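The values are calculated or read from the model by the stated rules, or taken from the named source; none is laboratory data. The structure displayed is predicted, hence computed values, not measured ones. Using ideal geometry, Cβ is built from the backbone for each residue, glycine included, and neighbour counts are taken over all protein chains shown.
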Amino acid sequence: MSEDIIVDKSTLDLFRNRFGLVGVSPKILEIFATIIKVAPTDLNVLITGETGTGKEVVANAIHQLSRRRKFSFISINCGAIPETLLESELFGHEKGAFTGAYEQRKGYFEVANRGTIFLDEIGEMPIGTQVKLLRVLETGEFNRLGSSEVRKVDVRVIAATNKNLEEEIYKGTFRQDLFYRLKNLHIVLPPLRERPEDIVVLIDYFAEKTCSELGIPYKGIALEALNILRGHPWPGNVRELKNLVETVIKLEKTGYITLETLRKYIPPALPPYKVVEQPKEASLLFIPSAKEAHIGLELIFRTLLDLKKDIELLKHALDDLNSKFEALNLNISNNGSFHYNVIDDINIPSIEPDNLNLERLEKEVILYTLKKHNGNKRKTAKALGISERTLYRKLNQYNLT
């Protein structure tokens, strides 16, 4: 949004006093303007943003400014309801529809008829339930569990998630057609670290409200304390800031937040938090992401394990080969009818740990055994303890054919 968008003071007061939506940054003013524009329509709305950015508060504001405000606003956390019960909770069930269904029950869609239903954590909804939700969005029709009767409702759906639904579509955990049906209008709530100019007005809002509950005057916040809060990363966003301010005031019973007071409730101050991701193509060195680094380390670890196994197998093979050579030399020395001059062109080397050449050893052992059996490949293979097929492959490998 361009910074020339203006939201008048009466609108700011409305959002602050009625809905608890507070801010003066360009990003939050754009959201205020969007809410005012979309609320009178019946468009479905998708709200995305990190945890604690106020997705449900925005959904409630849209409902309260719509023509449906006289009817129900029902909020459901799809991630908090077990998968086996979510469909029943949304669409209702008939008596005996499943074990434990002792009576007929309306679902949230029936209860919210003519009103608004807020589906928080929509990214956690099972695929099967997504299909039924898509049907309601397209036709307004649904069936209770255990019933063939088609029912109709008129409900506006506002959905929210902190997940990237486009990634979930790629993974196959979220339906693409449902995504586009929900996203008639998409509101993206910025994290608090991207709107630092709102921190002071949020502190004043939460502090004034808490002091009013305690019956003490709010006198403000020291500049040093404010600077620390401006530099905090706020992973929990507005919710984290709200909890901190309420905790400090309620436990200290003070209407003035000082640096000393604040230090009791947050870690020592760090430099202002700002994460700037460096594009990979702009880096002189390849810097893997955490996920890529984890995968790389896992591959290295597996390779090392495989290498260790190969070394162990090689040691066993060498030991076995030494034993065979010893037995072979013993047979030769004990066989009086056999003379070395028959195969004097073959040199059977001794196996020394410092001078190992397995290919040469294998080649000469094959030649020796082959000549010993007068070129009979079947007997040669049997004497070597290998198959004829393996022997032929070795002969080709060493050009002994």
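Can you find, within the stretch 14-29, the residue that is nearest to I187 (Cα to Cα) among those that are free of Cβ contacts under 8 Å to residues at least 60 places away in the same chain and crowded, with 18+ Cβ neighbours inside 10 Å? Here the answer is L29. For the stretch 73-90, check the following and say yes or no: at least one residue is buried (at least 20 other Cβ atoms within 10 Å of the Cβ) and touching a residue at least 60 places away in the same chain (Cβ under 8 Å). No: the stretch 73-90 contains no residue that is buried (at least 20 other Cβ atoms within 10 Å of the Cβ) and touching a residue at least 60 places away in the same chain (Cβ under 8 Å). In the set (1) under 10 Å from L145 (Cα atoms); (2) hydroxyl-bearing (S, T, Y); (3) assigned to a loop (DSSP other than H, G, I, E, B), T99 fails one condition alone, (1). Residues that are surrounded by fewer than 13 Cβ atoms within 10 Å (Cβ to Cβ) and out of contact with any Ser or Thr (no Cβ under 8 Å at 6 or more places or on another chain) do occur in the stretch 206-213, at least one of them.
On the given criteria, is L43 over 30 Å from E208 (Cβ atoms) and crowded, with 18+ Cβ neighbours inside 10 Å? Taking the combined requirement at face value, the residue does not satisfy it.
Looking at the stretch 1-86, the helices (runs of 4 or more DSSP H) lying wholly inside it that each contain 2 or more residues that are closer than 27 Å to D177 by Cβ, under 25 Å from the mean Cα position of the chain (by Cα) and not assigned by TED's automatic domain parsing to the domain that holds V200 sit at 55-64.
Identify all residues within the stretch 232-271 that are at pLDDT below 80 and surrounded by 13 or more Cβ atoms within 10 Å (Cβ to Cβ); write none if there are none. Explain how you work it out, then say what you get.
In the first step, residues of the stretch 232-271 are kept if they are at pLDDT below 80; the result is 267-271.
A269, the sole residue that qualifies.
Kindly evaluate L229 against the criterion of being aliphatic (A, V, I, L, M), part of a helix (DSSP H, G or I) and modelled with pLDDT of 95 or more. Criteria not met by L229.
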